[in-house]
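A short write-up of the structure that comes next.
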Amino acid sequence: MTAPAEIGPASGKARDRSIALVVVGVVLLMPPLVGVSLVDGSIAGVPVPLVYVFVVWVTLIAAAAALARVLRSSDTIDSSESVNDATG
Amino acid sequence: MLSVNTVLAVCLGYVVLLFAVAFIVDRRTRTRRLGWLNSPVVYTLSISIYCTSWTFYGAVGSAARNGLEFVAIYLGPTLVFVGWWWCLRKLVRIGRAHRITSIADLISSRYGKSPSLAVLVTVIALIATTPYIALQLQSLTRSYQVIAGESDGVATAFWIAAGMALFTILFGTRNLDANERHQGVVAAIALEAVVKLLALLAVGVFATWSLADGFADVFADVPPEVVVGAGEVFGARWVVLTFLSATAIICLPRQFQVTVVENIDERHLSTASWLFPLYLFGMTLFIMPIAIVGLKVMPAGANPDLFVLTLPLSAERHELALLAFLGGFSSATSMVIVATIAVSTMLSNHIVMPIALRVLAAGRAVSGDVRALLLVSRRVCIGVILGLGFLYFRLSGGSDALAAIGLIAFVGVAQFLPSLLGGIFWRGGTRTGAACGLLAGFALWAYTLFLPSFGGDVILSPEVLRDGPAGIAALRPQALLGLDGLDPLVHAVVWSVGVNALAFVVVSSLTRPGALERLQATVFVDVYRAAGGAPSSVLVGTAASEDLFLLARRILGDGFARSLFDEMAAAQGRSGGLPDPTDAVIDRLERELSGSIGAASAHALVNRIADRQSLGMTELIDIADESQQMIEAAHEFAEKSAELERTAVQLRAANERLRALDAQKDEFLGQLSHELRTPMTSIRSFSEILMDEEGVPDQERRRFVSIINEESQRLTRLLDELLDISRLEGGSIDLRLEMIGVPEAIGKALDAIAGTTRDAGVTVTADPGRAGLRVESNPDRLRQVLINLLSNAVKYNPAPQPEIRVSVNENGSMVDIDVADNGGGVTHAEAAMIFEKFARGDRSDRSYGVGLGLPISRAIMRAMNGDLTVEFAPDGTSFFRIRMPRADP
């Protein structure tokens, strides 16, 4: 996707966001930051570390789902080839 | 406990269902009616073979023992899929563009279609996969034993392995699809993915809301160390596990198979980017509750690895236990089937087929039915891999050491990561670098993790594990170079992957890639740039269309080969027959074949037939990297500028000479007009007197007329001399040379000026040389030169008693006549001047003639192959030397 004409400003932004999402995920889930969740106590009866990891996880998934829609429309996949391959 | 018959019946029914699904989908694929099967959901579900029985049963065990740590195994893949745009998309694009059949194919193809690299990757994959398959067999056997009561574990494992081999052979090698895709298998494992997710969710819901009263009740009174584990949960091991799982989702042969090879539409990846993490999320959501409830409910000492099965059984929920069993069965079988397909493809394409092709096709032509051979080899490989897995299970005796094999396999395949990522993002990676990295990483993995995992039973003895080989503590497998105190897994990853990456980068930067490597590097790294991802053609050669068609038919099958060639012929504008074997056709064929037998084999096969060998010069320049072009350009530039420098110097010199000649010409014209003016002035003034004045006496008149006459003669002589010198110098005068005697010539010249010398009182001493000495010269011209020199010596000699000496010297093939006088000669500065036209020595006055005598004399001598020079005697006096070629030896 080197031809600039094929890239709208919105999708370029989306790609920046997709890399930012991975970075945010790594930072939130890796030490030292993930260590802040190591506190006694629970939220709705579930221990905090468990809640923290699963909430960050599901948030990442939701953000990825939102981004996938934008990225997919920005990608110029030769759909005719895909159809050929799918049937051949 | 359920009755064996019930369990067997349900299992059999489930297997029949899987076979039916695979069969129906395969048939629909053939008739090209895929419908909903061609959906991103099916693709995503097929990727979920990541969750093997190791997840299904083992995750609960891990959670019961180490708390939250197990989650890291699912966070890595989540991060990779969330960032799909940067890595997975490129892998899939490359895989589709180059018809990649396996991870070994990708790495070998990237590094110049290297067969040896493919073999290396295949061997590593095989060694890492076999124990993993054994682990699945073990968990299947154990779960069967739990649900159906104790029975012969080995026999159970054997029949399970045999059943999976049958399924894999039936649907994994049903057709040699050009893209190595198996829609039937994909559909079956997608169904299995749904079953295992539902089973785990059902058990989770049962444990949470039936055995306990919701999440709050599950976690009530649970000490924190049960949740977060005894040690530091978010430490080095957490990071390494995340890294390993992220690596495994790319590098595991089976994951590569479903994610890259089986991908039928690149856009499916965007859906999988969030749907697959969501699937993992669903799989892990209830792991912790099941583990904790199991710890609470089950009797102490119960194996937590089987809680998923034993919890429903202990509560007499047989239908749920059966579902859980089917979930575990699905997890194990789907993994084994895909892993077997993936590794057998590698084994067959990169090890068996190259050997078979070499044996069968010793000559140029390919003999035998390669297609059938390929199918047989693929099937044998499947049998061999499952057999190895079974053998491994049998030999390890179902020991607990197997449980750790999941992570060990992860570290094993993580050795592919540097070459893989380096290959698709870095043009500088070379084959040697990749081979060095892989070998080093593989060796360190085996030494620090794989062999120690047997606890001292295989190759490495317990003593070696404890003290190092031969007691060298620095070489202890689990504390290499004294790197102590690390978790063995962390230790092994740091060493093997670290050294692997380092070796890859360092060796790559030290070695030069070959032409094909560079080309492949470019088309892989810049895969988005190429139109349609098709690699550009660089090989040249000739091929017979018939041979190519024959080859295609043997490997791709008659129908597909025919339609492929018809299509290519149509693209060339032909209505029938075979297409011309252009480079495009050959490349297309190579790509189609590589979809069946791998890039390295296809490359070797097609090139053998097409007789393509070398890259042309222009193509080589095309793929030469920028720095090389820069070097060339700079070199050229330097050469050009040096050339310019030289030209400039020459031009400057020429310019100088032109300036000097111009100045000389100006001076000459000035002198000439001066010389012409003197006689003209006297002619004009005397003729004016004669014209205007009447009373000029006769005597005066006669004197005047004689002066006019004299001056006219002088003018004529001057003009004659000018004409003479210009003709001599221009070479347009032809001097007839003859043999003349030197003494005679000198005598004649002396006779001619005898009157002059007598009048001037000059003593002439002549040594005319030996009689018979002859030179090649023109007698008149030589005399002219001699007389000129002699009369100069008479005229410009200020000495009170003037003398002239003439001598002859023989000098090899030349003869010199020296003319000297006692007038002091000329200075060195004058010597350079006197041969210039109109120049005269200081002693000269303007009483006679112009300064053309010496220039003419020199021009004459040079025209006669001789010379006239000024020489200096040792005492500093100068004399003239006439040099001529002698006529006889």
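Whole angstrom only: what separates the Cα centroid of the range B:80-153 from the Cα centroid of the range B:650-712?
The range B:80-153 and the range B:650-712 have Cα centres spaced 111 Å from each other.
Based on the alpha-carbon gyration tensor of the range B:661-767 and its eigenvalue square roots a ≥ b ≥ c, which shape applies: rounded if a/c is under 1.5, prolate if not and a/b is larger than b/c, or oblate? Don't skip to the answer; put the middle values down first.
Values: a/c = 2.68, a/b = 1.40, b/c = 1.91.
Verdict is oblate for the range B:661-767.
For peptide B:691-698, how many partner chain Cβ atoms fall within 10 Å of a residue's Cβ, on average?
Across B:691-698, the average partner-chain Cβ count within 10 Å equals 0.
Okay, which of the range B:60-79 sit inside 16 Å, backbone N to the point 7 Å along the Cα-Cβ direction of B:Ala302?
Only B:60-65 fall inside the zone, counting backbone N under 16 Å.
Assuming a ≥ b ≥ c are the square roots of the Cα gyration tensor eigenvalues, decide whether the range B:75-125 counts as rounded (a/c under 1.5), prolate (otherwise, with a/b larger than b/c) or oblate.
Oblate shape, in that a/c is at least 1.5 and b/c is the bigger or equal ratio.
Suppose R0 equals 30 Å; then what is the FRET efficiency for B:Arg30 and B:Ala404 from their Cβ-Cβ distance, rounded to the nearest 0.05?
0.10
What is the spin-label model distance, in nm, from B:Leu510 to B:Ala315 if the labels are put 7 Å beyond Cα along the C-beta direction?
Spacing of the two 7 Å Cα→Cβ label points: 6.2 nm.
Please work out the ratio of the alpha-carbon Rg of the range B:183-303 to 2.2 N^0.38 Å and round it to two decimals.
Compactness ratio reported: 1.32.
Counting other C-beta atoms within 10 Å, which of B:Trp159, B:Trp54, B:Trp209 has the fewest, and how do the rest follow?
Final ranking by Cβ density, sparse to dense: B:Trp159, B:Trp209, B:Trp54.
In peptide A:36-49, how many Cβ atoms from other protein chains are near each Cβ within 10 Å, on average?
Partner-chain Cβ atoms within 10 Å, mean over residues of A:36-49: 4.
Roughly how large, in nm² to one decimal, is the mean projection of the convex hull of the alpha-carbon atoms in the range B:246-323?
The Cα convex hull of the range B:246-323, projected and averaged over all directions, gives 7.3 nm².
Could you work out how far the C-alpha centroid of the range B:546-601 sits from that of the range B:459-482, in angstrom?
After rounding, the separation between the Cα centres reads 56 Å.
Divide the volume of the convex hull of the Cα atoms of the range B:483-526 by its number of residues and quote the answer in cubic angstrom per residue.
84
Kindly rank B:729-738, B:120-129 from highest to lowest mean number of other beta carbons found within 10 Å of each residue.
The peptides rank, most packed first, as B:120-129, B:729-738.
Give, in nm to one decimal, the length gained when the segment between B:Tyr528 and B:Ile472 is fully stretched (0.36 nm per residue of separation minus the Cα-Cα distance).
Extra length available between B:Tyr528 and B:Ile472 comes to 15.0 nm.
Going 7 Å from the Cα of A:Asp16 in the Cα-to-Cβ direction, what parts of the range B:58-97 have a backbone nitrogen less than 18 Å from that spot?
Output list for this probe position: B:85-86.
Per residue of A:58-66, count partner chain C-beta atoms within 10 Å of its C-beta, then hand back the mean as an integer.
Whole-number average of other-chain Cβ neighbours for A:58-66 is 6.
Order these by the 10 Å Cβ neighbour count, fewest first: B:Lys113, B:Lys296, B:Lys640, B:Lys90. Present the calculation step by step, with values, prior to reporting the outcome.
Numbers: B:Lys113 25, B:Lys296 13, B:Lys640 10, B:Lys90 18.
Taking fewest neighbouring Cβ atoms as first place, the list is B:Lys640, B:Lys296, B:Lys90, B:Lys113.
Points 7 angstrom from Cα along the Cβ direction at B:Asp558 and B:Ser210: gap in nanometres?
Taking the two extended label points, one gets 5.8 nm.
So for the pair B:Asp692, B:Gln145, with labels modelled 7 Å out along Cα→Cβ, what separation do we get in nm?
Modelled inter-label distance: 15.3 nm.
Straight-line reach from B:Lys795: which lysines fall under 20 Å, measuring Cα to Cα and dropping same-chain residues less than 8 apart?
B:Lys748, B:Lys837
Could you compute Rg(Cα) / (2.2 N^0.38 Å) for the range B:131-174, with N its residue count?
1.26
Dividing the convex hull volume of the Cα atoms of the range B:71-229 by its residue count, what figure in Å³ per residue is obtained?
Cα convex hull per residue, to the nearest whole number: 196 Å³.
Å³ per residue of the Cα convex hull, for the protein assembly as shown?
Here the figure is 339 Å³ per residue.
Which of B:Asp751, B:Asp217, B:Asp698 has the fewest other C-beta atoms within 10 Å, and how do the rest follow up to the most?
Ascending number of Cβ neighbours within 10 Å: B:Asp698, B:Asp751, B:Asp217.
Let me check against my output: what whole-number percent is the relative contact order of chain B, with C-alpha pairs under 8 Å and at least 6 apart?
Dividing the mean separation by the residue count of chain B yields 14 percent.
Scaled to the compact-protein estimate 2.2 N^0.38 Å, what is the alpha-carbon radius of gyration of the range B:1-59, rounded to two decimal places?
My calculation over the Cα atoms of the range B:1-59 gives 1.51.
Obtain the radius of gyration and the Kirkwood radius of chain B from its C-alpha atoms and give Rg over Rh.
1.47
For B:Val154 and B:Val380 in the same chain, what is the full-extension length gain: residue separation times 0.36 nm, less their Cα-Cα distance, in nm?
Gain in length upon complete extension: 79.1 nm.
Run through the DSSP bridge list for the protein assembly as shown and note the antiparallel percent, rounded to the nearest 5.
The antiparallel fraction comes to roughly 85 percent.
Checking the a/c ratio against 1.5 first, then a/b against b/c, what shape does the Cα gyration tensor give for the range B:683-746?
oblate
Every read-out reported here was derived from the displayed coordinates using simple, explicitly stated rules and does not represent laboratory data. Small disclaimer: the values here were computed from a predicted structure and weren't measured. Neighbour counts run over all protein chains shown; Cβ positions are idealised from the backbone, glycine included.
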